[in-house]
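Below is one structure, written out as structure tokens; comments come after it.
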Amino acid sequence: TELRPLDILSEAVPARGMRVFQAQGMRGFQLSAARPRALAFPASRLFIHCDRFPEEFSIIVTLRLLRRPAKGNEYIFTLMVEESPSVLVGLRYAPDKLHFLFWSQERAGGWQTRVTFPNVSLSDSQWHTLILAVSGQSFSLTVDCSIPKDVVVETPFPASLSVRRASFYLGNRRRRKGVFTGLLRQLVLLPGADATPRICHAVNFKVATLSVPTVLQDVPAKPVSNEVLKYPYETDMKVTLGARPRCSKQEKAQFWFNASRRGLYLCNGSTWLSMLEVQHRLDYVEEYQNLVTNSETMGIEVFTIPKVGLFAAMANRITPPGSAIYRWADGKFVHYQNIPTYQAQSWKYFTIGKKIFLAVANFEQNERGQEFSVIYKWSRRKAKFLTYQRISTHSARDWEAFVIEGEAFLAVVNHREGNNHNIDSVIYRWNPRTGLFETNQTIPTSGAYDWEFFTIGPYSFLAVANTFNGTSTKIYSHIYIWLSGSFQLFQSILTFGAADWEVFRIGDRVFLAVANSHSYDSGMPAPSNFYAINSSIYELNITAQMFVKFQDLLTYSALDWEFFSVGEDSFLVVANSFDGFTFSVNSIIYRWQGYEGFVAAHHLPTVGCRDWEAFHTAEGSYLFYSSAKEPLSKVLKLKTT
């Protein structure tokens, strides 16, 4: 017989000393320290047919700690016999630790065992879901569906623990000392099973639920009767100013005020709903600025240096004069700084603490026959980028910067070494002691063009676009997942001269688009057109734990995707570079149409289009494209209605 979940929190409702509080769009109970015995109920109300605690079980808790416990412990729950001060079963939180307590009666007098899970950081004012699975001597803790922490102890959980005359106490151990000060949303006991597979299937792992008291669930917009609220109710509602913030279940019922558009928005748990503003929609695209560049431009990086301004770094092909950095002034990009580069392919802007960096991927050797890509550091005193660290690379195409568990990383794509395209690309880790990037991991790649880093819940991913293995462009590109201190293969996807990955989100859905550049195989008959080829969009399937194909779009030697939004509408623009006959080919903006997927909305004349960047200023929204075939890049302005 399937064992049902035992909802400890619901069983205590209603009770004195419980106050409903809303935070980040989710409701929880705040417990009072004044009446610890009022927050209790007999265990017999849960264990109706048997007065024994299950031998194997899971405990599921969803909570939010409002502050870091100053000292000592805070009890999430305890199970205690009325006439004894001992804890039969309990869960308590100390600073950065979680303790599971149980009483063993196999010897005379009995004794208490404490199982400690170190490095459990919950005091960040965020919602977290904990799953504690117990079986014999094995104890496993999963926080927000991340990698489980496993502990094996000498004393097993008792096979026959009597709960006769015992009671559950919420947030305390029958005393005022050690009362839980946070919010409690879910507390469930699941006998005979590890609850992890039942919980860890949603996109928002932190608030995944098995059973939640009715009063904590979403309340109807219109009351079903004139009955007054049974519980005191508070909320931490606030209005966020500035750039568009995230909108998820944690931010539900929060407001955002967009000063530039004079609009007030409400988060419904997935999207921002306009309350006071007429929605802007993309009407058309107009040429705004023609930017004559040092030479053909292989890539653009648009970035903002705080308190300085908006910049664009151009990866120019010819040296001298190298590559140029432009600054946005009076509504236009103007030349700011030249940097010596060697057939530069791309730039990457990133920060580490207060340090500001800009890394260039050089494709060719310098005048001395040395092949380096270079990291530049922003000098606040000189107000320009200065050489900081040189790294040996092999026909580098791209840099990707990211942070995992507080550590900074920088990954380079090595395209080829001589005529050998099957070489290692390298991931570097920042050493705070030396202030330098050091080799952390190498990953085999094949004529690779691009890295794309992204996170889903607690997991970190890195996708590589493999382009050519020496004989064919029909090869697998790979997605890696960070596990146990390194990237390990997660999924392989067949691509055709892949030049770019672009990850983006629409609501709760996660997508990954690949730009396929051409189809060539030395062992196969030549197709009628190497360059007219489908590029594909994949969507994450949570149940299958993999990306599955969502849509194919016909492209012409596609080299880049860029995702952007206008109002509540989502768009993808593709860099079409060559149709087999001419480099003068339209690049296309696709509009998200929901069930229909992405549909072509605007055709933009481009010449050898290599890269797209979307950016916003106080004056409006723009697209910036670079040409790999002429020394001219263009800024386009998005006109809205």
I need the full set of residues from the stretch 105-154 which are at positive phi and hydrophobic (A, V, I, L, M, F, W, C), in order please. Cys145
Within the stretch 15-63, how many residues turn out to be of a type in the set (Gly, Ala, Ser) and assigned to a loop (DSSP other than H, G, I, E, B)? 6
Evaluate the following for Ala463: is it touching a Leu at 6+ places or on another chain (Cβ under 9 Å) and either farther than 30 Å from Ser248 by Cβ or among the acidic types (Asp, Glu) (or both)? no
I'm checking my understanding of the structure. Among residues of the stretch 575-614 that are at pLDDT 95 or above and of a type in the set (S, T, N, Q), which one is farthest from the chain's Cα centre (by Cα)? Thr582
Taking the condition over 30 Å from Tyr595 (Cβ atoms) and open to solvent by 10 Å² or more (accessible area, probe 1.4 Å), does Ser425 pass? no
Report, by residue number, each residue of the stretch 447-471 that is surrounded by fewer than 23 Cβ atoms within 10 Å (Cβ to Cβ) and over 24 Å from the mean Cα position of the chain (by Cα). Phe468, Asn469, Gly470, Thr471
Strands (runs of 3 or more DSSP E) wholly in the stretch 267-311 with at least 1 residues that are over 16 Å from Tyr326 (Cβ atoms) and β-branched (Val, Ile, Thr) - which ones? 282-292
Restricting to the stretch 39-81, and then to whatever is in contact with a Lys or Arg (Cβ under 7 Å, 6 or more places away or on another chain) and farther than 23 Å from Ser162 by Cα, can you tell me which residue is modelled with the lowest pLDDT? Asn73
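Could you list, in sequence order, all residues of the stretch 387-418 that are in a strand (DSSP E or B) and of a type in the set (Asp, Glu)? Show your work before the answer.
The initial filter retains those residues of the stretch 387-418 that are in a strand (DSSP E or B), namely 387-392, 396-404, 407-414, 417.
The answer is Asp398, Glu400, Glu407, Glu417.
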Residues in the stretch 201-208: is at least one surrounded by fewer than 21 Cβ atoms within 10 Å (Cβ to Cβ) and modelled with pLDDT of 85 or more? no
In the stretch 340-366, what residues are farther than 18 Å from Ala401 by Cβ and assigned to a strand (DSSP E or B)? none
Test each condition in (1) touching an Asp or Glu at 6+ places or on another chain (Cβ under 8 Å); (2) modelled with pLDDT under 85; (3) among the charged types (D, E, K, R); (4) closer than 30 Å to Ala359 by Cα for Glu296 and report the one that comes out false. (2)
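Yes/no per residue for (1) modelled with pLDDT under 95; (2) touching a strand residue (DSSP E or B) at 6+ places or on another chain (Cβ under 6 Å); (3) under 20 Å from Asp96 (Cα atoms):
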residue	(1), (2), (3)
Gln137	yes, yes, no
Thr142	yes, yes, yes
Glu154	yes, no, no
Gly171	yes, yes, yes
Arg175	yes, no, no
Given the conditions (1) open to solvent by less than 10 Å² (accessible area, probe 1.4 Å); (2) closer than 23 Å to Ala499 by Cα, every one holds for Phe357 apart from (2)
Going through (1) open to solvent by less than 80 Å² (accessible area, probe 1.4 Å); (2) at pLDDT 80 or above; (3) more than 24 Å from Met26 (Cα to Cα) one by one, Gln279 fails only at (2)
Note: among Asp144, Asp150, just one is touching a residue at least 12 places away in the same chain (Cβ under 8 Å) and surrounded by 18 or more Cβ atoms within 10 Å (Cβ to Cβ), namely Asp144
Tyr336 passes all but one of (1) under 32 Å from the mean Cα position of the chain (by Cα); (2) assigned to a strand (DSSP E or B); which number fails? (1)
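The values are calculated or read from the model by the stated rules, or taken from the named source; none is laboratory data. Quantities reported herein were computed from a predicted structural model and do not represent experimental measurements. We place every Cβ from the backbone using ideal geometry, glycine too, and count neighbours over all the protein chains shown. Quick note on the areas: whole protein, heavy atoms, side chains included, nothing else; ligands and nucleic acids left out. Shrake-Rupley method; radii C 1.70, N 1.55, O 1.52, S 1.80 Å.
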